[in-house]
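The values are calculated or read from the model by the stated rules, or taken from the named source; none is laboratory data. Every value quoted in this text rests on a predicted model; they were computed, and no experiment measured them. For neighbour counting, all protein chains shown are included, and Cβ atoms are generated from backbone atoms with ideal geometry for every residue, glycine included. Please note that ligands, DNA and RNA were not included when accessible areas were found on the heavy atoms of the full protein model with its side chains. Shrake-Rupley method; radii C 1.70, N 1.55, O 1.52, S 1.80 Å.
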Amino acid sequence: MLVDIRNLSIAFPSATGPSLAVREVSLSLGAEKLGIVGESGSGKSLTARSLLRLLPDNATVTADRLEFAGIDVLGASERVLRGIRGKRAGLILQDPKFSLNPVMTAGAQIAEAFRAHRRAGRREAKAAAIDLLAQVQIRDPARVAGAYPHELSGGMGQRVMIAMMLAPDPELLIADEPTSALDATVQAEILRLMEDLVSRRGMALMLISHDLPLVSHFCDRVAVMYAGRIVETLAAGELARAEHPYTRGLLECLPTLTHDQARLPVMARDPAWLA
Amino acid sequence: MIAVQDLRVRFGAMEAVKGVSFAVPHGGAFGIVGESGSGKSTVLRALAGLNADWTGRMSVAGQALGPKRSRAFFRRVQMVFQDPYGSLHPRQTVDRALGEPLIVHGIGDADRRILRALAEVALPAASRFRYPHQLSGGQRQRVAIARALMAEPEVLLLDEPTSALDVSVQAEVLNLLADLQAARGLTYVMVSHNLPVVAHLCPMVGVMQGGLMVETLSAADLRAGRTAHPHTTALRALSTELEEA
């Protein structure tokens, strides 16, 4: 099992005592594609980031087990964590505009990631960067390698991010809303690309998103989070068979092209879901 | 109510909008869809008077629009932006945000009007003296809509009004916009990249690509797949593909 989480809770201090952002979440992940879906504040990003121990300083994390490839992440030293972060588990964030270094060329950033995790010379890293850009289906990799982030479109930027994360050949890719800043056409391209790369390299993928239909299209399993808990886990093809009223509500409140509705159903949040 | 003919907008050497025409009847809703950079927001901003460098003809309520707009225009036409975090002043209370259009347009009776506006967008009266950071994203967008309604406009220009919101909140805001339109007889022009959202609110939809409006069709035709332009067909396929999954 690549990822094994048992009873993970994450709390933040507040004026009225600790407030729980993630409550007793358990999940495990092998070489598969898992989607984590939830709305703002449901704890989906915190859950994924806890695997890399990339949480704000004031967060209190407790778990019976929080393991990545057999390594206890909670007890690990910074040195051990460096062997995970970026090397064995890559993280792709929402907007490449903010996650790429604006004053380094795309190629230099990928080469830097390559050299940080592998023994390689400058020339070898540069060649690897161009090869990686070709792998993320950039038509003119040599040109893009020499381009600065502001010269790239959102979709191109996200491809560069993916190439950078693939450089150390990780076992797990965590993608936190990787396409929500992109156009629908580009969104589909990027997700298809990620799906393809993940399957071909036998990697695991954790795809975090607020878009339930999108995620179920590209993942094997989907975990739905609400108020810090996983309320339901579904096989991706079984979305129509969702039982939890929150999952049903998420699906029903989406306007669709296929059915015309005068009013959209609005979700009635049941306090019992919090229990 | 709104007529746009051969609208062209340029930014320096780049022509962002290359001759766009459409018309919206009184009380109607027109949606503009397209990808980033297709010029859809530029059309809306030119219509709102936020971009003076345009050519062509535009009129609202039968009055031709020039590069400079009258005070009456700004009372008649209001705009709601995508990001309620960016469009509300972080250090002004909801009360101040809603009161400002009244001061600008010399409308009295502020107290009663603010309370009524809050009720109309289903915000609790207690939120009147809150700051934007004390509200959720959906509540903030409701404040932005309430502010746009303060001057009692006839036209609302909506620029991606729900794309920064969670889907459950999006449903609430779309219902609110539909209710307000029915109650006040408002005319909407909405820009969005989300086809289902546009088709839900707007009976007529214009599809933009590369600064041109490549197709104008009814929402019913869009739903049924009676599309003429390949770009419309492609955009529709992307939305329906996910729905069928």
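For chain A, report the accessible area per residue in Å² (1.4 Å probe, heavy atoms, rounded to an integer).
Details: 12570 Å² over 275 residues.
Normalised by residue count, the accessible surface of chain A is 46 Å².
Across bins of 10 angstrom width beginning at 0, how are the C-alpha pair distances of chain A distributed, in whole percent?
7, 27, 33, 23, 9, 1, 0
Check cross-link reach from B:Lys18 to the lysines: straight Cα distance under 18 Å, and skip same-chain residues fewer than eight apart.
Candidates past the 8-residue exclusion: B:Lys40.
Could you work out the Rg to Rh ratio of segment A:160-275, with Rh taken as the Kirkwood radius (inverse of the mean 1/r over all Cα pairs)?
Expressed as Rg/Rh, it is 1.01.
Identify which of A:Ser216, A:Ser199, A:Ser19 has the largest mean-square fluctuation in a Gaussian network model of chain A, with springs joining Cα atoms closer than 10 Å.
Highest fluctuation of the listed residues: A:Ser19.
Please give the contour-minus-distance gain from A:Ala142 to A:Arg200: 0.36 nm per residue of separation, less the Cα-Cα distance, rounded to one decimal in nm. Write out the running numbers ahead of the final one.
Values: separation 58, 0.36 × 58 = 20.88 nm, distance 2.37 nm.
Result for the pair: 18.5 nm of gain on full extension.
How much of the accessible area of segment B:119-236, in percent, comes from carbon and sulfur atoms when a 1.4 Å probe is used? Present the calculation step by step, with values, prior to reporting the outcome.
Working: 2040 of 3840 Å².
The nonpolar share, carbon plus sulfur, comes to 53 percent.
Return the calculated 222 nm mean residue ellipticity for chain A, to the nearest 500 deg cm²/dmol, obtained by summing -39500 (n - 2.57) across DSSP H runs with n ≥ 4 and dividing by the residue count.
-10000 deg cm²/dmol
Starting from the Cα of B:Asp83, step 7 Å toward the Cβ, then list every residue of segment B:116-156 with an amide N under 12 Å from that point.
Within reach of a label on B:Asp83, which here means backbone N under 12 Å from a point 7 Å along Cα→Cβ, segment B:116-156 contributes nothing.
Using a 1.4 angstrom probe, figure out how much accessible area segment B:9-131 has per residue, in square angstrom, rounded to the nearest whole.
Each residue of segment B:9-131 exposes 52 Å² on average to a 1.4 Å probe.
Please give me, ordered by residue number, the trypsin sites (Lys or Arg not before Pro) of segment A:81-173 that lie in loop per DSSP and have at most 13 other Cβ atoms within 10 Å. Could the numbers behind the result be given before it?
Details: sites: A:Arg82, A:Arg85, A:Lys87, A:Arg88, A:Lys97, A:Arg115, A:Arg118, A:Arg119, A:Arg122, A:Arg123, A:Lys126, A:Arg139, A:Arg143, A:Arg159; in loops: A:Lys87, A:Arg88, A:Arg118, A:Arg119, A:Arg139.
Hits after loop and neighbour filter: A:Arg119, A:Arg139.
Leaving out same-chain residues fewer than 8 places away, which lysines sit with a Cα under 19 Å from that of A:Lys126?
Within the straight-line limit of under 19 Å, A:Lys126 reaches these lysines: A:Lys87.
Identify which of A:Asp196, A:Asp72, A:Asp140 has the largest mean-square fluctuation in a Gaussian network model of chain A, with springs joining Cα atoms closer than 10 Å.
Greatest mean-square fluctuation among the candidates belongs to A:Asp140.
Considering the dipole of chain A built from charges on the beta carbon (Lys and Arg +1, Asp and Glu -1) around the Cα centre, which of A:Leu132, A:Pro18, A:Gly237 is farthest to its positive end?
Working it through, the farthest residue towards the positive pole turns out to be A:Leu132.
Identify all lysines with a Cα-Cα distance to A:Lys44 below 18 Å; exclude those on the same chain that are fewer than 8 residues away in sequence.
Excluding near neighbours in sequence, the set is A:Lys33.
Just how large is the dipole of chain A about the Cα centre, in debye to the nearest 20, putting +1 at every Lys and Arg Cβ and -1 at every Asp and Glu Cβ? Working shown, then result.
Numbers: 31 positive and 31 negative charges, 189 e Å.
Using only the charged Cβ atoms, the result is roughly 900 debye.
Assuming R0 = 56 Å, what is the FRET efficiency of B:His229 and B:Arg96, from their Cβ-Cβ distance, to the nearest 0.05?
0.75
Using only protein heavy atoms and a 1.4 Å probe, how much accessible area in total is buried between B and A, to the nearest 100 Å²? Each step should come with its number before you reach the end.
Details: alone 11550 and 13840 Å², together 22820 Å².
Chains B and A together bury approximately 2600 Å².
Can you list the equivalent-ellipsoid semi-axes of segment B:1-97, largest first and in whole Å, using the square root of 5 times each Cα gyration tensor eigenvalue?
24, 18, 14
How big is D, in µm² s⁻¹, for segment A:1-78 by Stokes-Einstein at 4 °C and 1.567 mPa s if Rh is the Kirkwood radius over C-alpha pairs? Let's see the in-between values first.
Working: Rh = 13.0 Å.
Reported coefficient: 100 µm²/s.
Under unit Cβ charges (Lys, Arg +1; Asp, Glu -1), what dipole magnitude, rounded to 20 debye, does the protein assembly as shown have relative to its Cα centre?
1300 debye
Ignoring ligands, DNA and RNA, what percent of the accessible area of segment A:1-56 is carbon or sulfur (1.4 Å)?
That share works out to 52 percent.
What FRET efficiency comes out for the pair A:Ser14/A:Asp64, r = Cβ-Cβ distance, R0 = 22 Å, nearest 0.05?
Working: r = 24 Å, r/R0 = 1.11.
For R0 = 22 Å, the calculated efficiency reads 0.35.
Taking the Cα-to-Cβ direction at A:Asp131 and at A:Arg79 and moving 7 Å from each Cα, how far apart do the two end points lie in nm?
Each label point is offset 7 Å from its Cα along the Cβ direction, giving 3.1 nm.
Give the calculated FRET efficiency between B:Ala52 and B:Ser163 to the nearest 0.05, with a Förster radius of 25 Å applied to their Cβ-Cβ distance.
Between B:Ala52 and B:Ser163 the formula returns 0.40.
Which positions within segment B:16-37 get 40 Å² or more of their accessible surface covered by the other protein chains, compared to the chain by itself, with a 1.4 angstrom probe?
Listed by number, the residues meeting the 40 Å² cut-off are B:Glu35.
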